[in-house]
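Peer 1: Sharing a structure, written as structure tokens. Questions coming.
Derivation of every value follows stated rules applied to the coordinates shown; laboratory data play no part. Bear in mind that the values here come from a model prediction, so they are computed numbers and not experimental data. For neighbour counting, all protein chains shown are included, and Cβ atoms are generated from backbone atoms with ideal geometry for every residue, glycine included.
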Amino acid sequence: MSFAMLSAISLICADAAMAARPLAAVPLVGVQSAAETTDLNAPLAEGVEAGLPIDDPSTNESPASGAPAGDPLVFQGETDEALAGRLMDYLEGVETLNGDFTQIAPSGAISSGRFYLRRPGFLRFEYDPPTPLLIVANGGMVYVRDEALETTDSYPVGRTPLKFLLGKKIDLGDAEIIAVDRGIDSFAVTLGSDDEETDGELTMIVKAPELTLMRWIVRDIQNGATVVTLDNVKSGEKLANSLFRTPDAGGQFLKN
């Protein structure tokens with residue numbers, strides 16, 4: 001996969017606060033949403049401390065909720081494997097999600113728009129102006145439409161960590177649990193792939209204990225990281241097939 005294509009897909013997936021950690025198996029350090037970002041040029045370590053969704057034992061307060069740091073973490077008595085299993089069961093039960101998103105790219109650029117997810121296999125990201133991108137996943141492919149350049153690039157979902165989000169089932173024979181982190185009211189699971197053709201890692205962060213997807217993160221092989229935070233999320237609504245039409249001249253609508 002070309003670096004240009006991988007950069008395009010990372011635009012919808014990863015977290016700037018993770019950029020300091022190598023791609024190898026190292027625990028997740030934290031996630032910072034656009035609303036929590038005060039200085040995108042601040043050192044990464046400061047950004048991590050400012051935006052952790054996980055409790056920071058070195059402080060008297062919990063960055064996640066403002067509660068005392070001694071508050072119990074979610075699912076504290078469960079193993080990492082059991083917690084990852086909760087996330088997988090939740091994802092496999094999701095039919096549709098839609099709402100707003102805010103994205104922070106590795107450069108610190110912030111964009112926003114609407115997203116539509118229909119599992120398994122379908123995703124649409126509509127970017128607000130001036131970002132000229134439309135990203136659609138269908139039929140096992142990801143399409144990146146750039147209206148400014150009037151180009152559409154495509155590549156297999158299976159080459160990206162998005163396969164963990166879009167697949168009907170998460171294949172534990174392929175998925176490697178890189179890290180599991182707990183907070184007072186959220187937890188995060190980072191997945192990598194044993195398949196050498198799959199580039200990068202995916203982190204999914206969910207509100208707990210009710211399990212609602214809050215944001216997801218992808219790191220590419222160049223250590224590029226972008227965070228996408230979801231807001232006003234609705235679950236279970238019927239989504240029109242036309243939303244997932246290939247963004248290309250002459251693209252065919254999916255059949256009902």
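Peer 1: Give me D for region 76-133 in µm² s⁻¹, whole number, from Stokes-Einstein with Rh from the Kirkwood sum over alpha-carbon pairs, 10 °C and 1.306 mPa s. It would help to have the intermediate numbers written out before the result.
Peer 2: On the way: Rh = 13.8 Å.
Estimated via Stokes-Einstein, D reaches 115 µm²/s.
Peer 1: Could you give the semi-axes, largest first, of the ellipsoid that matches region 167-227, computed as the square roots of 5 times the alpha carbon gyration tensor eigenvalues and rounded to whole Å? Walk me through the intermediate numbers first.
Peer 2: Details: eigenvalues 91, 41, 18 Å².
One finds semi-axes of 21, 14, 10 Å for region 167-227.
Peer 1: With no solvent and one point per C-alpha, what does the Debye sum give as log10 I(q)/I(0) for region 105-168 at q = 0.16 Å⁻¹?
Peer 2: For region 105-168, the Cα-only Debye profile gives -0.56.
Peer 1: Cross-link partners among lysines for LYS207, C-alpha distance below 16 Å, same-chain residues fewer than 8 apart left out?
Peer 2: List returned: LYS234.
Peer 1: Continuing with this model, one more query. What's the ranking of 149-160, 217-228, 117-128 by average number of surrounding C-beta atoms within 10 Å, highest first? All intermediate terms of the calculation are to be shown ahead of the outcome.
Peer 2: On the way: 149-160: 16.1, 217-228: 22.9, 117-128: 19.1.
Highest to lowest by the protection proxy: 217-228, 117-128, 149-160.
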